[in-house]
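The values are calculated or read from the model by the stated rules, or taken from the named source; none is laboratory data. Nothing here was measured: the structure is a model prediction, and the numbers come from that model. As a convention, Cβ positions derive from the backbone with ideal geometry for all residues, glycine included, and neighbour counts pool all protein chains shown. All accessible areas refer to the heavy atoms of the entire protein, side chains included, with ligands and DNA or RNA removed. Shrake-Rupley method; radii C 1.70, N 1.55, O 1.52, S 1.80 Å.
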Amino acid sequence: MARPKRAMQVQEPEVCDDEVVHLESVRRARRSLPDATMTLALAGLFDALGDPTRLRIVSALAAEELCVCDLSATVGLSQSAVSHQLRLLRSLGLVRGRRDGRMMYYALDDEHVRLLLAQGREHIAHRIREDA
């Protein structure tokens, strides 16, 4: 009989059997925590990328600079819907706009955004291979 997939296996509760606090480990972990400002900014970043529509827009812009019309055709949404998402992505510093006459072109703000997306894709691909 085939082995059940991970999702079907009964998971052990994620708690310690013995209640022991390792103080040095806790101190090191606390020192690594970001401050409140950084925590809120990171949460906003991941929240923005957690939306499938915005993630598709960012993924399209990782390939090349696009105008709103091209982005709209690429992701299959109205120009108005794409513009709405671009406003949020711009406010978070994930994308930037460039005007060329009457056209507005969008691109990822910098290489960090491209790397963040690539790392996420690599992680998911790794997990899929691992689960196969």
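Across the accessible surface of the chain, with the other protein chains kept in place and a 1.4 Å probe, carbon and sulfur atoms take up 55 percent. How much net charge surrounds L88 when only other residues with a Cβ under 12 Å from its Cβ are counted (Lys, Arg +1; Asp, Glu -1)? Combined, the nearby Lys, Arg, Asp and Glu give +1.
The listed residues C67, C16 rank as C16, C67 when sorted by accessible area, largest first, using a 1.4 Å probe. Anisotropy class assigned to the range 16-78 is prolate, per the alpha carbon gyration tensor with a/c at or over the 1.5 cut-off and a/b larger than b/c.
Average accessible surface for the chain: 79 Å² per residue, computed with a 1.4 Å probe over protein heavy atoms with every protein chain in place. Phi-derived couplings, Karplus 6.51 cos²θ - 1.76 cosθ + 1.60 at θ = phi - 60°, listed residue by residue for the range 70-75: 5, 4, 4, 5, 5, 9 Hz, with x used for Gly and Pro. Scanning residues 5 or more positions from L94 or on other chains, none has an amide H under 5 Å from its amide H, with H placed 1.01 Å from N in the peptide plane. Going by alpha carbons, how many degrees (0 to 90, nearest 10) lie between the helix axis of 36-49 and the longest principal axis of the chain? Approximately 70 degrees, to the nearest 10.
Dividing the convex hull volume of the alpha-carbon atoms in the chain by its residue count gives 182 Å³ per residue.
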